1. Using 0.36 nm times the number of residues separating residue 120 and residue 7, minus their current alpha carbon distance, what extension gain do you get?
2. So what is the calculated 222 nm ellipticity per residue for the chain, using -39500 (n - 2.57) for each DSSP H run with n of 4 or more, over all residues, to the nearest 500 deg cm²/dmol?
3. Taking all protein chains in place and a 1.4 Å probe, what share, in percent, of the accessible surface of the stretch 28-68 do carbon and sulfur account for?
4. Rounded to the nearest 0.05, what FRET efficiency is calculated for residue 113 and residue 33 with R0 set to 22 Å and r the Cβ-Cβ distance?
5. Given 0.36 nm per residue, what is the gain on full extension from residue 59 to residue 15 after removing their alpha carbon distance, in nm?
6. Quick check on the chain: of the DSSP beta bridges with both residues there, what percent are antiparallel, nearest 5%?
7. Over the chain, what relative contact order in percent results from Cα pairs under 8 Å that are six or more residues apart?
8. Could you provide, to the nearest whole Å², the per residue accessible area of the chain with probe 1.4 Å?
Amino acid sequence: MSETFMQMALAEARAAAERGEVPVGAVLVRGSDLIARDGNRTRERRDPTAHAEMLVIQAGTARLKSERLIGCDLYVTLEPCAMCAAALSFARIRRLYFGAPDPKGGAVDNGPRFYSQPTCHHIPEVYGGIAERQAADILRLFFQSRR
């Protein structure tokens, strides 16, 4: 099932690229139920917080009528940044599955390693490298086309 959800996230990343957004997609699930899916929309919304992860968290909290997404898992094509890693913690996401690592902007396995900080109150289970090559290829092709 996790491959199916990551494939959905990859489809959201491709759709984001078609909109001219940095191609990152995310999918929020609880068990086998799809709760929300989206891709980056920072340019479209002129909002620096409109990352794919933030959008599915917002949609998920609205749908489930709770600020806590207990029992929910998030699939995202790129390692979350510090803002998104913190939001995942505050939302009490159970598991985080991500595709490509982000040495420049990531905050889970790279950079500040948010979940390793003593001030982090909730740490999701983290699984990196899911469909890593596909996720990295989408990003690489997107940025190559812009150079």
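The values are calculated or read from the model by the stated rules, or taken from the named source; none is laboratory data. Every value quoted in this text rests on a predicted model; they were computed, and no experiment measured them. Here Cβ is always computed from backbone atoms with ideal geometry, including for glycine, and neighbour counts include all displayed protein chains. Keep in mind that these areas ignore ligands, DNA and RNA; they rest on the heavy atoms of the full protein, side chains included. Shrake-Rupley method; radii C 1.70, N 1.55, O 1.52, S 1.80 Å.
1. The span from residue 120 to residue 7 would gain 37.7 nm if fully extended.
2. It comes out at -11500 deg cm²/dmol, rounded to the nearest 500.
3. 43 percent
4. Step by step, r from the Cβ atoms, then E = 0.10.
5. The span from residue 59 to residue 15 would gain 14.1 nm if fully extended.
6. In the chain, approximately 60 percent of DSSP beta bridges are antiparallel ones.
7. Answer for the chain is 20 percent.
8. Counting only protein heavy atoms, the per-residue value for the chain is 52 Å².
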